[in-house]
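K.L.:
Quick one: this structure, given as structure tokens, is what I'll be asking you about.
Values in this text are rule-based calculations from the coordinates and carry no lab data. Quick caveat: nothing in here was measured; it's all calculated off a predicted structure. FYI the Cβ positions are ideal-geometry reconstructions off the backbone, even for glycines, and counts take in every protein chain you see.
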Amino acid sequence: MASSRQRQARSYHARQAAIAAAGARAVAAKIEQQAPWAEVVSSWAAYQLAAATASSRTITQVLGAPPSGAVELLAGVSSLGFDLAEPLIATIDARVPAPAEAMPSPWWDDDTSSFLRSVELLVASEIQDASRAAAQLEMLAQPRPQEFIRLLVPPSCKRCAVLAGRIYRDMEPFDRHPGCDCEHWPVASLDEALADGLVVDPMVLVEQGLIRDLSQSDRQALLEGADLSQIVNATRGTSQPGITNALTTTLYGRRVKATTFGTTKRAQWRRNNPSRPVRLRPEAIYRIVDAEFGGDREQARRLLGLYGWLPSAGAPGRGRSLAAGRGNAGRGGGPGAPRPVNAGGADDDARAAARELLRLAESVEPATTEMVRATAATVGGDLVRLDSRLKSLDSLTRKLITQIGTSGMTAADRAAEIKDALRYTMVAPNERYWQIVDQTVAVLSAAGYRPVKVPAGWRREGYRGMNLALRSPSGVTFELQVHTAASLAVAEASHLIYEEARADGIAPARRAELERKIIEMYLAVAMPDPPRWLP
């Protein structure tokens, strides 16, 4: 169950992100309307002030101190201290360069309006920076030094995920990137942050597919035991003059991707491998393993270790970069926090059943993935989230333990009912949604993938989307979710709420509140036309 502090922190994060997003839309709209320059900048500054004021009030409430009253200084200036007009002009000029002659009014009137995306990113980032600056200002105003934690709410990028749970002193700079929505949150210690559920375990995010910019190879390497900080930096040191992300080397007669990251003379990997000037990247390793070793996972782990992606003996293991040696970052009971899997008894049975279930799923995955990919291309659907098509062993084990506890059935019996150890997600446009669903079922059926469950349609309340269960020609069942873009966005946004609602020991009133919130989120999703209702 989420702690009151965790709910307060997440509410704060959501409010600040909403202010930034609204400000970005408002300023972009002013530019599209060709509003006067002063009006564009003053609108932007107003949202900065709103974000800074909201941040100041929340942080001082947490600290139990009065606001400093200095947040007005953060409105109308950029994070670098310039007038807001300066970065805005630079961003527009980078997309639509000002002409050498007299400028038309306004010169940024671009037919494609592609620069508006850059403007929105800039505006949102500066508003978020005003919020963060206000939080840090209030902590600096206190008579005693303060500490804060990086408040990260997934889905997130890999560079923020690797910093999840880091403790900062009040004067330390806060690493961020354009579009970053991480916030400061005051804490007394890491132990307090863990107890309040404020620390996000990056490996849980990896397993749940909540890190947006991980490639399939990166995620697989992490599940093999690779070190997260190494994988995050895998694309550093990959460029050649004039070419980005393009460093390659030859191995087994193939040109494969490489990197010079971690190859300096002082790097441990270089000391262990003095004759190797570059390292193979994880995607290159998996390509070689698939081609030369038939996809053997032991060979993949051997090469990952050889090229320094696996942690060395005694180094922090998977996901430990967030709080190495400081205890289990999953404790705290927040949404998505995994239930510990204990050794012995029913848990051992569940893990054994989950392992067999995963073995069966992996045995059919390559052929099934190719079939589903081809089907999506045929019917006009968009296959997404392929990097999370296989559930993790821990996730399957937890699911079985929960179901066994509520049913009294054996682990093997419950495992036979699980249909999503292997799962896929396809997005279809609203206007062709039902046509694509019908064609998908027809194409897969013709190829020998028989439907086990084909729901009649979407629910009037709650989850919206279709989860088709199909059985492969070899008898292994898998799931194919068919969404619209809107229903998938809500499914992802409501995932953490759903996890909290189904957590052990949650109060009935809290569960009902969360379920109502999920229903409200789905009610905003437009139904495909014509709707097909579930009973």
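K.L.:
How much net charge surrounds R423 when only other residues with a Cβ under 11 Å from its Cβ are counted (Lys, Arg +1; Asp, Glu -1)?
P.N.:
+1
K.L.:
Further, regarding this structure: Working out 0.36 nm times the residue gap between D438 and R271, then minus their Cα-Cα distance, what length gain in nm do you get to one decimal?
P.N.:
Additional length available on full extension: 54.3 nm.
K.L.:
Excluding A52 itself, calculate the net charge of residues whose Cβ lies under 15 Å from the Cβ of A52, where each Lys or Arg counts +1 and each Asp or Glu counts -1.
P.N.:
-2
K.L.:
Convert each backbone phi in the range 61-67 into a coupling constant with the Karplus relation 6.51 cos²θ - 1.76 cosθ + 1.60 (shift: θ = phi - 60°), then list the ³J(HN,Hα) values in order as whole Hz, x for Gly and Pro.
P.N.:
Karplus values, whole Hz, x for Gly and Pro: 5, 5, 6, x, 9, x, x.
K.L.:
Tell me which lysines have Cα within less than 16 Å of K391's Cα, excluding those fewer than 8 residues away on the same chain?
P.N.:
Partners within reach: K399, K419.
K.L.:
Can you give the net charge of the other residues whose Cβ lies under 10 Å from the Cβ of Y168, counting K and R as +1 and D and E as -1?
P.N.:
That works out to -1.
K.L.:
Enumerate the calculated ³J(HN,Hα) couplings along the range 292-300 in order (Karplus 6.51 cos²θ - 1.76 cosθ + 1.60, θ = phi - 60°), each rounded to whole Hz, writing x wherever the residue is Gly or Pro.
P.N.:
Taking θ as phi minus 60°, the curve returns 9, 10, x, x, 4, 6, 5, 5, 4 Hz for the range 292-300.
K.L.:
At 0.36 nm per residue, and after removing the present C-alpha to C-alpha distance, how many nm does the segment from V454 to R159 gain when stretched out fully?
P.N.:
Contour length minus Cα-Cα distance gives 102.2 nm.
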